[in-house]
1. Which of rounded, prolate, oblate describes the range 36-144, given a ≥ b ≥ c as roots of the alpha-carbon gyration tensor eigenvalues and a/c under 1.5 marking rounded, otherwise prolate only if a/b is larger than b/c?
2. Pop a pseudo-label 7 angstrom from the Cα along the beta-carbon direction at both Arg219 and Lys555 and give the gap in nm to one decimal.
3. Calculate for the chain the 222 nm mean residue ellipticity that helices alone would give, adding -39,500 (n - 2.57) per DSSP H run of length 4 or more and normalising by residue count, nearest 500 deg cm²/dmol.
4. How tilted is helix 562-574 with respect to the longest principal axis of the chain? Cα atoms for both, answer in degrees (0 to 90, nearest 10).
5. List, in the order given, every pair from Lys429/Lys550; Lys429/Lys571; Lys449/Lys498; Lys414/Lys498; Lys429/Lys543; Lys51/Lys325 whose Cα-Cα distance in the structure shown is over 27 Å.
6. Using 1/(1 + (r/R0)^6) with R0 = 30 angstrom and r between the beta carbons of Lys498 and Leu259, what's the FRET efficiency to the nearest 0.05?
7. Can you tell me the FRET efficiency between Ala48 and Asn100 if r is taken as the Cβ-Cβ distance and R0 is 25 Å, rounded to the nearest 0.05?
8. So what J values fall out for the range 91-105 if you push phi through Karplus, 6.51 cos²θ - 1.76 cosθ + 1.60 with θ = phi - 60°, rounded to Hz, Gly and Pro as x?
Amino acid sequence: MSFTIHGIGVSGGIAIGHAQLMTHAGLDVPRYAVPPHQAADESARFEAAVKQVRTEFEELRASVPATAPAEFAAFINLHLMILNDSTLSVAPRRIIETENCNAEWALRIQADALLAQFDEIEDEYLRERRADVIQVAERVMKTLSGQPGYVPPPRSDAAQSLILVAHDLSPADVVQFKQHRFASFITDLGGTTSHTAVVARSLAIPSIVALHRARQLIRENDLVIVDGTQGVVIVGPDEQVLAEYQLRQHQFDLERQKLRRLRDRRAVTLDGVAVELQANIEQPADVVDARDNGATGIGLYRSEFLFLNRDDLPDEDEQFEAYRKVAVEMDGMPVTIRTYDLGADKDDVQERVTTNPALGLRAIRLCLTEPRRFITQLRAMLRASHYGKINILIPMLATAAEIEQTLALIQQAKQSLDDEGVSYDRGIKVGGMIEVPAAALALGIFVRKLDFLSIGTNDLIQYTLAIDRTDDTVAHLYDPLHPAVLNLIAGIIATANKAKVPVALCGEMAGDTALTRLLLAFGLRQYSMHIAHLLDVKQIILKSDYARLKPLARKMLRATDPAKLLALLEKLNSA
Ligand code: PEP
Ligand code: MG
């Protein structure tokens, strides 16, 4: 019998293979009584399981290849932290001894109590760490029951590609997964910002999360098609469907190969308009992929990732090293480092609870309340600017006063380096992200005071349409084609171009191939995007004729009917 399951595609492409199921420990275990005289032994059994899992984590951490994305090590560290926390590693022993119960039950009780606390948290990033707690608890549970804790190696009898089907995968699982080379993985759990999804993208194989019942419905060795682009799994396809997907897979692979040939081509339209295609990165290790995909610069280095998943703050030297590494490896190409955008869904101060974090003390607002921490980062960026072409980008600016205060702090950081005789690029450029509607509407202030602008459409859309970008329940209302959004973006680009202030766009819209031509027609000449989209966007630029697109884009700015807007966009994309 053939059936399909829908989830969230986190990494595109098509994989066809046979299912290999991963056992799911689960936390649903029975309680049984342990006589008081055996409680100490039961407690020791629990302690031994924790110790074994700790050793496994430490071994995994040591075995992470140098080429693996930095998230891998960070995730293992996070899991070690959860495991070492006394709420998971010590409290169950007290439960065993006071309630005279089995170790599995004590772990379950304690994990449930901990998870209930996570349910109360509003911050999506922190709430998603709930999944990490479950993964760690399940690993201890598996060890207690004598099951292997790891992703099984692919079956040796497998002649074809294997699709790993799991209820959930932990980052530690994924490290091994990388070594075993499955063709794809699909999981029941995981959201778009879950660790599983982040790692899936870095593995660049088709994968789907949030399938809910895949682990239950798919049987060992079932033939499975994974369409990571559409987020669809087809189980037991008939011959016709299989042939169709084999063809699509072949075409997809050919397309990727062809795209690779564009790596070193300059992105210029048919009528000679040159465009810069730059990469968004989260950490220095991403530079290798950025260069591999022909990025002509780093348009957005989200420096706040250096501050996450840790107990301490990175000091000036650690930050300097990270920024210097990127500058050196980009070999003279521009590297735009955004000062840390913490707060909202990327909070390092876990105890600070606010009702509307996206509207609260976030990004530059937070920096300006902590000038010492901010100046430390500014000094690190300035020092690194001696080793390459660094630009400083300030997130979430909304007022003239914020710009003035920021520029004054940059001046203060420069002065302190001058006093110490430390070199930096004296011509370093300072730009601002335009992601608050107020900034877009009062752009004059920004073009006068800043060297360049970068449009952050992810937040600009969130704030313009009053839609929380982290809230699934309103995700369907998040619309880049809303007339208000289109007019704001076109207005920012036109004003900046007129004032001859360079303007880039670094939100997700920059990597959306359906919007490449529209943005080009609005006058955009600098796109910065997720690395995986660089060559697709370049291909579209190479086939575009700017002069023919302009009138269509003007029509789109006057249109208000969504159906008409879509029809015009289609026309523009087939012109
Ligand atoms: C944006 O808001 O569009 C942006 C690029 O920044 P971030 O997604 O990090 O908020
Ligand atoms: Mg933003």
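Laboratory data are not the source of any read-out in this text; all were calculated from the coordinates shown. Note that the coordinates shown come from a computational prediction; the quantities given were computed from them, not determined experimentally. Heads up, the Cβs are rebuilt from the backbone with ideal geometry, glycines too, and the neighbour counts pull from every protein chain shown.
1. Cα axes put the range 36-144 in the oblate bin.
2. 5.5 nm
3. The helix contribution divided over the chain gives -15000 deg cm²/dmol.
4. Rounded to the nearest ten degrees, it is 80.
5. The answer is Lys429/Lys550; Lys429/Lys571; Lys414/Lys498; Lys429/Lys543; Lys51/Lys325.
6. Given R0 = 30 Å and the Cβ-Cβ separation, E is 0.30.
7. Computed FRET efficiency for Ala48 and Asn100: 0.85.
8. 3, x, 5, 5, 5, 4, 6, 7, 9, 6, 10, 6, 4, 4, 5
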